[in-house]
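Accompanying notes for the structure given below.
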Amino acid sequence: MAALMDWAALWVSLRLAALTCLVLLPLGIWLGRTLAYARFRGKGLCEALIALPLVLPPTVLGFYLLISFGRDAPVGAVWAELTGSGLNFTFSGILIASLIANIPFAVQPIQRAFESVPRNLREAAWCS
């Protein structure tokens, strides 16, 4: 017997992927460029926080997000106060979780790309 397609799950997955890309692309470019060129106090901490989802096991990251999105946690309470609904088990919640889990995959390659452009080439581009 052929398996039936769950079209609702496919639609949620495609919508989540599209929105995650739309948000992470400009955010990744901005953060990657900032981390590549700017010198500021706490830059190492910023880079470590961005890389954190890579080193945490997915179940641990999911557990912490589930706890922090609850109405009793500060993040969940602020969200509930602003929107009137919770974050756990909603599309907004999975979108935010997807953004957090995927931010290193957007920022780190873009940062390395900006860092690989030689300074003299950037200075030459300023002149045109």
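The values are calculated or read from the model by the stated rules, or taken from the named source; none is laboratory data. Model, not experiment: these values are computed from the prediction. In this analysis, Cβ positions are derived from the backbone assuming ideal geometry, glycine residues included, and neighbour counts consider all displayed protein chains. For the accessible areas, the whole protein counts, side chains as well, though only heavy atoms, and no ligand, DNA or RNA atoms are used. Shrake-Rupley method; radii C 1.70, N 1.55, O 1.52, S 1.80 Å.
Is one or more of the residues making up the range 90-104 free of Cβ contacts under 8 Å to residues at least 24 places away in the same chain and under 19 Å from Ser13 (Cβ atoms)? Show your work before the answer.
Step one: of the range 90-104, the residues free of Cβ contacts under 8 Å to residues at least 24 places away in the same chain are 90, 92.
Subset that is under 19 Å from Ser13 (Cβ atoms): 90, 92.
Within the range 90-104 (the criterion being free of Cβ contacts under 8 Å to residues at least 24 places away in the same chain and under 19 Å from Ser13 (Cβ atoms)), the answer is yes, since at least one residue qualifies.
Which residues, taken from the range 48-63, are open to solvent by 60 Å² or more (accessible area, probe 1.4 Å), in a helix (DSSP H, G or I) and not β-branched (Val, Ile, Thr)?
Restricting attention to the range 48-63, the residues satisfying the condition of being open to solvent by 60 Å² or more (accessible area, probe 1.4 Å) are 49, 52, 54-55, 57-59, 63.
With the extra rule that they be in a helix (DSSP H, G or I), the set shrinks to 49, 52, 54-55, 58-59, 63.
Within the range 48-63, Leu49, Leu52, Leu54, Pro58, Phe63 qualify.
To keep it simple, each residue is scored yes or no on (1) among the aliphatic types (A, V, I, L, M); (2) over 17 Å from Ser92 (Cβ atoms); (3) out of contact with any Pro (no Cβ under 8 Å at 6 or more places or on another chain).
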| residue | (1), (2), (3) |
| --- | --- |
| Leu4 | yes, yes, yes |
| Val12 | yes, no, yes |
| Leu19 | yes, no, yes |
| Pro26 | no, yes, yes |
| Trp30 | no, yes, yes |
| Gly44 | no, yes, yes |
| Glu47 | no, yes, yes |
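Any idea how many residues of the range 99-116 are over 12 Å from Gly28 (Cβ atoms) and open to solvent by less than 50 Å² (accessible area, probe 1.4 Å)?
Summing the residues that are over 12 Å from Gly28 (Cβ atoms) and open to solvent by less than 50 Å² (accessible area, probe 1.4 Å) in the range 99-116 gives 1.
Condition check: in a loop (DSSP other than H, G, I, E, B) and small (Gly, Ala, Ser). Does Gly76 satisfy that? Break it down stepwise before answering.
Working: in a loop (DSSP other than H, G, I, E, B): no; small (Gly, Ala, Ser): yes.
No, not satisfied.
Can you confirm whether Ser85 is closer than 23 Å to Leu22 by Cβ and either touching a residue at least 12 places away in the same chain (Cβ under 8 Å) or in a helix (DSSP H, G or I) (or both)?
On the way: closer than 23 Å to Leu22 by Cβ: yes; either touching a residue at least 12 places away in the same chain (Cβ under 8 Å) or in a helix (DSSP H, G or I) (or both): no.
No: the conditions fail for Ser85.
Determine which member of the set Ser13, Ser85 is modelled with pLDDT of 95 or more and either open to solvent by less than 80 Å² (accessible area, probe 1.4 Å) or of a type in the set (Ser, Thr, Tyr) (or both). So that I can check it myself, show each step before the final result.
Values: Ser85 fails: modelled with pLDDT of 95 or more.
Every option except Ser13 fails the conditions.
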